[in-house]
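The values are calculated or read from the model by the stated rules, or taken from the named source; none is laboratory data. Here the structure is a predicted model, which is why all the values come from computation and not from measurement. All Cβ positions, glycine included, derive from the backbone under ideal geometry; neighbour counts span all protein chains shown.
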Amino acid sequence: MADKGRRGASRVGKRGKPARTGKALPRTPSRTPPRTPPRTPLAPPTALGAPQPAPPDGPRTRRTRRASAQPPAEGGLVYVLSRAGLRQIDALCVERYGLPTIALMENAAAQVAAVAERMLLERPGPVLVVCGRGNNGGDGLAAARHLHNAGHATAVLLAAEPARFGGDAAAQLSVVQRMGLRVGVTNPADPRAAFGALWRDLPDPVLVIDALLGTGAEGPIDPQGPAAHLIGAINEARRLGARVLAVDLPSGMDADTGRGLGPANAPLVSADATVSMVGWKQGFLSAGAAAALGEVMIADIGCPRELVRRIGRPLTGVELRPRRAAGPHGAPDTPSDPEPSGLDGAN
């Protein structure tokens, strides 16, 4: 859901051990990144809690891992939503149905934590949650609390000073602080320093949760600002072996276009999996978006399904067929590069 105004209306495969020679997170990899297996065409999105097909016959090299949570609305249909549509749904959830915005945040966080735990089954280890000061960050803070309660070593990195957090995100931060979770704060003068400090202190972090920017982000990202540096640090951690789980959408992605927020080289998180709240973002249909999304799982966070049906439109199987990304002059260039379906690449 979006970062802007959830208080009043809207909230709009398997890698080995991290290839690090020391505890510090370098600004550039010190060795050749681990090779990843060839990727397969994008499969339909996973609906959290939906029945899963039986595995195919023959030998399997990976175990199937699926998240378990609430079923999707409308008997399994997934709906495509624009940024404006998401804001409208949020506003009506509050104004017409009286749903507390923090209840939506709690539901979203529980879904994120459930997927994170499934990912940790494949490779247990510490979790680092990177949180912005909006509602996307609030989702991440609440998910960190759930993971801590489940016994996972969990640390939080704030993208801004605690005093700049407001509304539901501030409430979630207060709870996390009172529970004693380790919380680092980004220094604008050296945005990567706090990330590196937490990385060194955690014994081999295996999962980074990206809760930095949500669907409300619209303007271009300052390439020298904290958000750009943190996106770079998250991607570098992934190159070093950590897995990345994006909350709602990868930070830096425009919810409507599926491209980076800004010029062609705008910073964009590359995730292994994405938990998308309510429905499929319009931008996810763009050629090339799948390379940043990884596996997409749709989370039902309690919005009335009639709202989603009225404001969104059903996702079709045709729209999920792999497409080639446009080159510099609009001609096909390189094929989209999606992750295989299923956590850790299982079908």
Tell me which residues, restricted to the stretch 210-260, are among the charged types (D, E, K, R) and farther than 25 Å from Gln88 by Cα. Asp222, Glu236, Arg238, Arg239, Arg243
Subset of the stretch 253-279, residues of a type in the set (D, E, K, R) and either surrounded by 23 or more Cβ atoms within 10 Å (Cβ to Cβ) or farther than 15 Å from Gly214 by Cβ (or both), comes to Asp254, Arg259, Asp272
Condition first: β-branched (Val, Ile, Thr) and part of a helix (DSSP H, G or I). Now tell me which residues in the stretch 276-308 satisfy that. Val308
Report those strands (runs of 3 or more DSSP E) wholly inside the stretch 147-259 carrying at least 2 residues which are touching a helix residue (DSSP H, G or I) at 6+ places or on another chain (Cβ under 8 Å) and under 22 Å from Asn107 (Cα atoms). 154-158, 207-211, 243-247
Candidate set: the stretch 184-215, residues that are touching an Asp or Glu at 6+ places or on another chain (Cβ under 7 Å) and of a type in the set (Gly, Ala, Ser); chosen: the one surrounded by the most Cβ atoms within 10 Å (Cβ to Cβ): Ala211
Looking only at the stretch 310-327, which residues are modelled with pLDDT of 95 or more and surrounded by fewer than 15 Cβ atoms within 10 Å (Cβ to Cβ)? Arg310
Before we move on, is His152 within 20 Å of the chain's Cα centre (by Cα) and over 30 Å from Pro100 (Cβ atoms)? no
